[in-house]
Structure formats: structure tokens, C-alpha cells
């Protein structure tokens with residue numbers, strides 16, 4: 001049985017005592033600032049240490065929802081492999097890819113939606129609400145379709161057409177918002193304050209972090225039960241990098257690894273609120289987060305505090321890349337590896353090229369590029385081919 005702990009004040013709560021944020025720390029929260037009082041799941045690590053067997057691993061030991069509530073939807077187990085051609089372009093010897101663009105709806109966000117729908121099954125909730133620029137929405141709509149749930153989605157009008165098509169075909173109720181992701185986030189919170197439904201917004205619901213954690217657990221398992229040296233992660237609202245951190249934190253607390261991989265926060269130049277927070281220690285919203293990488297375009301990253309912690313506790317760092325660097329990396333990655341990643345994922349590949357002459361990475365370290373979304377979700381961004 002899990003507990004929840006506030007990442008700000010460290011107060012612990014019983015599983016069904018809270019649903020979203022720490023009641024004490026979130027009193028000061030208002031739309032337009034990062035979430036306060038984000039909760040993280042706490043496991044019985046001593047029990048896991050005794051029960052976990054690498055020869056027959058039971059990953060449900062690390063799950064915050066019991067498997068009998070899981071949706072009938074095959075999420076995860078995505079490819080993890082070495083890409084010599086791409087690494088050699090920049091002098092790196094040991095570059096790997098975790099290709100989560102091959103999840104059923106085409107993005108890593110399937111993982112978070114899977115676990116939130118599982119929780120909805122547990123508490124017998126039929127409606128699930130989210131705000132999204134596209135990937136979280138299409139992921140939620142897909143998982144809801146598989147489990148007879150209703151997805152209610154607030155999405156900016158600017159969301160790529162391919163992602164909107166997915167939502168409609170999966171049967172979601174789509175509410176287009178004249179504004180940004182941040183506006184959609186605010187409206188979705190207002191909706192669940194007044195109407196029935198479970199809010200799946202990233203970080204607002206703690207199981208979004210737990211769901212995304214599974215990509216880190218898979219990297220560990222597919223890497224012969226070893227942590228890689230470095231993971232480059234595209235960052236928007238900060239939940240994916242927090243989930244990857246949580247995976248390796250749980251593994252360390254369970255005695256399965258001794259050292260965390262260094263996590264590199266990669267942001268678009270204009271959508272750089274978390275990067276600046278890490279660099280300066282002072283939080284400030286991104287003034288104009290417009291970028292070709294729509295999945296990481298956000299003015300007010302919901303999980304800024306936990307993302308900063310993920311980078312600092314893993315002894316990682318942050319970097320920004322331009323739209324031009326992103327699109328160049330997208331084309332090169334496709335031509336050298338056969339992987340067509342959407343611009344947000346290509347940001348991680350762009351960061352590798354930018355770091356080729358830096359002392360921040362050792363050319364012989366095992367470095368993983370986390371590909372979070374399939375390029376077919378946003379073909380309009382590919383200007384020249």
C-alpha cells in the first residue's frame with residue numbers, strides 16, 4: 001500500500017486521504033504559477049528489496065495502482081537500442097535511444113494516461129479531464145476508448161491537426177481553447193471544480209508522474225539492470241523528467257542501483273522557464289514560449305519545482321536549443337537511424353550535437369536520448385524535405 005508525500009513540505013498522507021495536491025501547500029496556488037504541493041508516491045522500499053528478483057522481475061511492486069485495475073491497453077515495452085551512426089556524427093561512442101514514439105497513440109504520454117485510467121477504475125469514476133497541447137490528450141482519449149471511459153479534453157486551437165484527429169477518432173469530447181496550454185490548464189481545473197470527473201493534468205494528479213516513471217524502469221531493465229550514465233530528456237512542464245527521476249530514485253531506495261543517472265533537462269530556447277530556474281535559482285515564467293516543438297511549449301511549467309530537484313539531485317544540468325537546431329536534428333536523426341521523432345523529442349538529439357565539444361559529457365559514457373513522440377503527429381513542422 002502506497003502513501004503520498006508532499007514534495008514541498010514532506011507531509012505524508014494516506015492513499016485516499018488526498019486526490020491531487022497537498023492541501024496545506026496548495027492553498028497558495030493560483031493559475032499562472034507552477035503547482036505547489038505536488039505529491040509523490042512512497043513505497044515500502046524494504047519490502048521491494050526483499051521481494052524483487054531480477055531473474056523474474058515483478059514490476060507491479062513499483063506500481064501505485066494494483067494490476068487488477070489496469071486498462072486493456074498495451075502500453076510500454078518500447079524499443080531501447082544503440083545508435084552508432086548518430087553518435088559517431090559527433091564523436092560519441094555509446095549513444096542509445098529509448099523510442100517511446102512507438103507507444104499505441106504515438107507518445108510517452110500513454111504511460112501517464114494508462115495509470116490515471118487505472119485509478120479511475122479503482123475509484124469507479126467514468127469521466128477523465130485533461131488539458132493538453134495534443135499528446136496527453138490523444139493518449140487519454142485512446143486509453144479511455146479502450147476502457148469505456150469518457151475523455152473531456154481542453155486543447156489550444158493551435159494543436160497540430162494530426163493530434164486533434166486522434167482525439168476525435170478515439171471519441172473524446174474536445175473543447176478548443178482560444179489561447180495557450182496554460183489557458184487550457186486553468187479551464188480544465190475550473191471544470192473539475194464544478195463537475196464530476198477525475199482531473200489527469202500533469203503533476204496535478206500524482207499518478208501522471210508515476211505513469212511516466214515506467215519509462216525509466218524499462219530503461220533499467222532493458223539495459224541489463226543497470227542505470228545508464230546520462231539521459232537527455234525534452235522538458236516542457238517538467239513531469240517526464242520528474243517521472244524518470246522517480247524511477248531511478250525508487251530503484252536506488254530499493255537497493256537495485258547505487259547511483260542515479262545524470263538527467264539533462266533540454267528545453268526550447270523560448271520555452272525555457274525550468275532551464276532558467278535551474279541556472280539562476282529564481283523562478284520566472286517564459287514570456288513567449290512559442291516554438292516549433294509544441295509538446296514542450298509552456299509558459300508556466302506545472303512541475304517546475306520537482307523538475308529542478310530531478311536535475312540537481314541527479315547531478316545533471318540543463319540546456320536550451322533553438323528551433324533551427326531542433327529541425328536540423330530531426331532530419332539528421334531520421335536519416336541516420338530511421339526514427340522520425342516529433343520536434344519536442346528532436347530537442348534531445350539537438351542537445352547532443354550542441355554538447356559535442358562540451359566537457360559536460362564524456363564521449364565514452366552511455367548516453368540515452370529519450371524520444372517522447374512520433375514525428376507523424378506533427379508533419380507540418382517539417383518544412384524542407
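Every number here is computed from the coordinates shown, using simple stated rules; none is lab data. In this text, all values refer to a predicted model and were calculated from it rather than measured experimentally. Neighbour counts run over all protein chains shown; Cβ positions are idealised from the backbone, glycine included.
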> Would it be correct to say that residue 334 is buried (at least 24 other Cβ atoms within 10 Å of the Cβ) and in contact with a strand residue (DSSP E or B) (Cβ under 8 Å, 6 or more places away or on another chain)?
Replying inline: no
> Of these, 241, 231, which one is assigned to a helix (DSSP H, G or I) and in contact (Cβ under 8 Å) with a residue 40 or more places away in the chain?
Replying inline: 241
> Can you spot a residue in the range 284-294 that is over 19 Å from the mean Cα position of the chain (by Cα), part of a loop (DSSP other than H, G, I, E, B) and on the phi > 0 side of the Ramachandran plot?
Replying inline: no
>> Let me spell it out: the conditions are (1) touching a residue at least 60 places away in the same chain (Cβ under 8 Å); (2) outside any helix (DSSP H, G or I), and residue 270 meets all of them except one. Which number is the exception?
In response: (1)
> Within the range 81-185, which helices (runs of 4 or more DSSP H) (wholly inside it) include 3 or more residues that are touching a strand residue (DSSP E or B) at 6+ places or on another chain (Cβ under 9 Å) and buried (at least 24 other Cβ atoms within 10 Å of the Cβ)?
Replying inline: 109-123, 135-146
